[in-house]
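Student: One structure is given below, represented as structure tokens, and several questions about it will come after.
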Amino acid sequence: MNVIVLNDFGYIEGGATKVAIDSAVKLAEIGQKVTYVCCVGPVGPELLNSKVNSICINSRYINSEGSKLKNAKTNIYNKFAEKKLREILKGFSNRNTIIHIHVFCKAFSSSIFHAIEKLGFKYVVTLHDYFLICGNGAIYDFKAQKLCPRKPGSLSCYFCNCDRRSYSQKLFRSLRLRVQKSHTKNIKNFISIAENNEALIKRFYPDSNFYRIYNPIEKCTEVNDFSKNDNYVFLGRVGEEKNPELFCEAATRLNLKAVVIGDGPQLNFLREKYPNINFTGWLTQSEILEYKKHAKCLVFTSKWYEGMPLTVGEFLLCKIPVISSDVANSTELFKTNDLIFKSDNVESLIDVLRKFDSSKDEDLFKHNFNYEDICEKFGPKNHYKKLLETYDEILSK
């Protein structure tokens, strides 16, 4: 079996690309013939130092230098990428080759589906985000700072200024989505990374096959006894949709020792408003690990669905409890609602934090989380085993 991993970027610029690259490298390590095809370089050291055959087509994309109009046109339908992909695929047999698509709408565009289907290759798409059904990829109104209640692509959707940047950006993304839909309507196989993640896409692809495979997380050092720690941690982008201010306000009112790890547009504003809180800015993974060792819990305040936040899984695998908003897909990892608060409601978060802080139950983690089940869901060994089973099943149909 040949595995072609298709992703916009050849270097790690986000969580989805990290999963794509890690998957390619690991599959090659366990003996699979893997080719990684990206649109935008450079190809990172993770791929260059692996057994993966990496190909970068070096295409123009939305943030390329030069004409913005040409870049935008390419982002809507990348003819160059389609041509290059066809040339690459002609070197493979469609009988024993599976194409695994991760991120495609930022550079490759939906043109790749035309190339793949024309040559008769079977493929699967991992649902890292919601760009298949929503122009901004999040089903979220960034201007109103809340989940979007509108049907994607409807008249009310087009007239809603929901984009993070501007209404003109919204119109551009709506046009891209409209063109994209004509090329993605025949997708038959998806890999979903959460229950709600799957349910939202399934409404638009009711006849497609869905395979649940959680993104892999390397198991980290367990915290022996979180109850002896006193740091309440927020980890993520310091922006409005992640809602770090809710965390800061609740921690301040309860006089808790709080740490905000991450960078973003709200960082300086929150530093000034909440001088009692430790704002670390961006940290390396090794630096973050030191904070995890002293963490009492992670407080996840996101106001949107997300896919399946790796941050939550990473803390749970360290046996550190997580307090989460009720809209995040990560709530499916909770056995009870005891550590779940109403999104964007500071009183609800304060109530949960107060109960958690006063709890003397040594089995609090076991009561709220199934550690063995979480290890099974996010374990790398299980992830790659399921990937290969999924590839085999798709190719056999």
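Student: Somewhere in region 61-80, is a residue at positive phi and modelled with pLDDT under 95?
Tutor: yes
Student: I would also like to ask the following. Can you find even one residue in region 224-239 that is within 15 Å of the chain's Cα centre (by Cα) and more than 25 Å from Asp163 (Cα to Cα)?
Tutor: No: zero hits.
Student: Right, next: Scan region 102-119 and give yes if some residue there is closer than 24 Å to Arg203 by Cα, part of a loop (DSSP other than H, G, I, E, B), of a type in the set (Val, Ile, Thr) and outside the structural domain of Tyr205 (by TED's automatic domain parsing), otherwise no.
Tutor: no
Student: Does region 84-91 include one or more residues that are touching a residue at least 12 places away in the same chain (Cβ under 8 Å), closer than 27 Å to Lys188 by Cβ and out of contact with any strand residue (DSSP E or B) (no Cβ under 9 Å at 6 or more places or on another chain)?
Tutor: yes
Student: Just give me the residues in region 154-170 being part of a helix (DSSP H, G or I), touching a residue at least 12 places away in the same chain (Cβ under 8 Å) and more than 21 Å from Leu127 (Cβ to Cβ), in sequence order.
Tutor: Correct list: Tyr158, Lys170.
Student: Moving on to the next point. May I ask you to list the residues in region 65-83 that are without any contact (Cβ under 8 Å) to a residue 40 or more places away in the chain, under 20 Å from Leu171 (Cα atoms) and either outside any helix (DSSP H, G or I) or hydrophobic (A, V, I, L, M, F, W, C) (or both)?
Tutor: Within region 65-83, Ser67, Leu69, Asn78 meet the criteria.
Student: Which pairs do you get when a residue that is free of Cβ contacts under 8 Å to residues at least 40 places away in the same chain and of a type outside the set (Ser, Thr, Tyr), found in region 217-230, comes within reach of a residue that is crowded, with 16+ Cβ neighbours inside 10 Å and not in a loop (DSSP other than H, G, I, E, B), reach meaning Cβ atoms under 9 angstrom, with the pair 6+ apart or on two chains?
Tutor: Close Cβ pairs (under 9 Å, with a partner that is crowded, with 16+ Cβ neighbours inside 10 Å and not in a loop (DSSP other than H, G, I, E, B)) amount to Lys228/Lys296.
Student: Give the number of residues within region 321-351 that are of a type outside the set (Ser, Thr, Tyr) and in a strand (DSSP E or B).
Tutor: Residues in region 321-351 being of a type outside the set (Ser, Thr, Tyr) and in a strand (DSSP E or B): 5 in total.
Student: Within region 3-11, is even one residue assigned by TED's automatic domain parsing to the domain that holds His128, at negative phi and modelled with pLDDT under 95?
Tutor: no
The values are calculated or read from the model by the stated rules, or taken from the named source; none is laboratory data. Everything numeric here is computed off the predicted structure, so don't read it as measured data. Note that we place each Cβ from the backbone using ideal geometry, even for glycine, and neighbour counts take in every protein chain shown.
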